[in-house]
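The values are calculated or read from the model by the stated rules, or taken from the named source; none is laboratory data. Just so we're clear, the structure is a prediction, and the values are computed from it rather than from any experiment. Using ideal geometry, Cβ is built from the backbone for each residue, glycine included, and neighbour counts are taken over all protein chains shown. When the accessible area is computed, the model is the full protein with side chains, heavy atoms only, and any ligands, DNA or RNA have been set aside. Shrake-Rupley method; radii C 1.70, N 1.55, O 1.52, S 1.80 Å.
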Amino acid sequence: MKIDLFSDTNFGPTSAMRKAMYRAEVGNEVAGEDPTVNLLIERVCHLLGKEAGVFMPSGTMSNGVAYRVWCDRAGDRIFFDQYAHAANLVSGLPAGLVSATPIGIECDKGIFSVRQLELAIGKLKGYNIPRERVVSIEQTTNLGGGAVWPVSSLCVIHQVAQKHGMAVHMDGARLFNAVVSSTISAQEFCRYTDSVWVDFSKGLGAPMGAVLCGSKDFIDKAWYYKFQQGGTMHQVGILAAGCLYALDNNIERLADDHENAKLLAMSLAGHSHIEINPEDIETNIVIFQLYGTSRTAYQLVNALIKKGIRLLALNDKKVRAIVHQGITQNNIYTVSSAIQRFLDKHS
């Protein structure tokens, strides 16, 4: 692909990051003896305002481990927005790995209200009703179009969770996008969470790696499931060094991705067969809808692939593009023109 907007994971480490990884000091991560991993964990815990952390191969494993810590009885309920990545796009993880019951909440842009959460929890109690155990927040919302959960919403959701004896877990795959977009600190976003992880393989450009954070008691339990899921590693400071490089060099530049996402939305907004509001674009994810045309999103995406451009068709009429550091303004204009030419030709 010449221009890959399928995901912000589709951009490899830069030569500078590779050099940092090559020079990394390493040790046995399982024994807590990898100095680069330990430094990364310390840095992330400070950024998020959490007591302890553990290095993970991926965000998916971070979610699985966290849910297993919080859900200690089969059937326990986890509440998500209805299109949350962790509930829908990870091989049935909540049910298959955690033995939990995922409950999807219908909401706008992946951000649900206190009332919507309370309605999903319900008032039925009994031996046959699974316990409510976790509220899972996605920051930013993936299929919600990169929307940022406001701190005020996180605060009141946490209050409801506490009332029901639930934990609030944040899937922070794009937490730093929220930080850059809002100018609110990561610590403030995480204030109302009981567990949270951040990812380094999305817009920050590392090849892999995440850090899961919470209380010391939570992390002690998380280590058990990390072992069980094959997540313990040796001499892994090489990967942690890439994550440290990303922390130091690739957070502020996320603003460029946000500007290019907004540019894509603005360039598409005037087309008669595209429905999108540029004002909805908060971070690096653009979702637009086709209307008034017989052509489908799948046909559009397949036609673009032949031109070396990759996007994702979410359904028959909806398309997603995710901007990252490998995308330039000229790329945005090229993609926009290709989309509009296809629709003009086939309408």
task: Determine whether residue 253 is surrounded by fewer than 15 Cβ atoms within 10 Å (Cβ to Cβ), within 30 Å of residue 62 (Cα to Cα) and either touching a residue at least 12 places away in the same chain (Cβ under 8 Å) or in contact with a strand residue (DSSP E or B) (Cβ under 6 Å, 6 or more places away or on another chain) (or both).
output: yes
Per the filter on region 137-171, residues among the basic types (Lys, Arg) and closer than 17 Å to residue 84 by Cα are none
With the first residue restricted to region 136-150 and required to be modelled with pLDDT under 95, and the second required to be surrounded by 24 or more Cβ atoms within 10 Å (Cβ to Cβ), Cβ contacts under 8 Å at 6 or more apart or on different chains are none
Note: among 310, 253, just one is closer than 20 Å to residue 205 by Cβ, under 19 Å from the mean Cα position of the chain (by Cα) and of a type in the set (Lys, Arg), namely 253
Here the residues within region 1-27 that are of a type outside the set (Gly, Ala, Ser), assigned to a loop (DSSP other than H, G, I, E, B) and open to solvent by 20 Å² or more (accessible area, probe 1.4 Å) are 1, 2, 6, 9, 10, 11, 13, 14, 23, 25, 26
For region 187-218, the count of residues that are open to solvent by 10 Å² or more (accessible area, probe 1.4 Å) and either in contact with an Asp or Glu (Cβ under 8 Å, 6 or more places away or on another chain) or assigned to a helix (DSSP H, G or I) (or both) equals 6
Being within 19 Å of residue 178 (Cβ to Cβ), open to solvent by less than 30 Å² (accessible area, probe 1.4 Å) and not in a strand (DSSP E or B): is that true of residue 324 here?
yes
Among strands (runs of 3 or more DSSP E) entirely within region 73-156, at least 2 residues that are among the acidic types (Asp, Glu), within 29 Å of residue 202 (Cα to Cα) and open to solvent by less than 50 Å² (accessible area, probe 1.4 Å) occur in none
Exactly one of 313, 240, 255 is in contact with a helix residue (DSSP H, G or I) (Cβ under 7 Å, 6 or more places away or on another chain) and over 30 Å from residue 15 (Cβ atoms), and that residue is 313
Restricting region 12-60 to residues that are over 22 Å from residue 173 (Cβ atoms) and β-branched (Val, Ile, Thr), the one modelled with the lowest pLDDT turns out to be 30
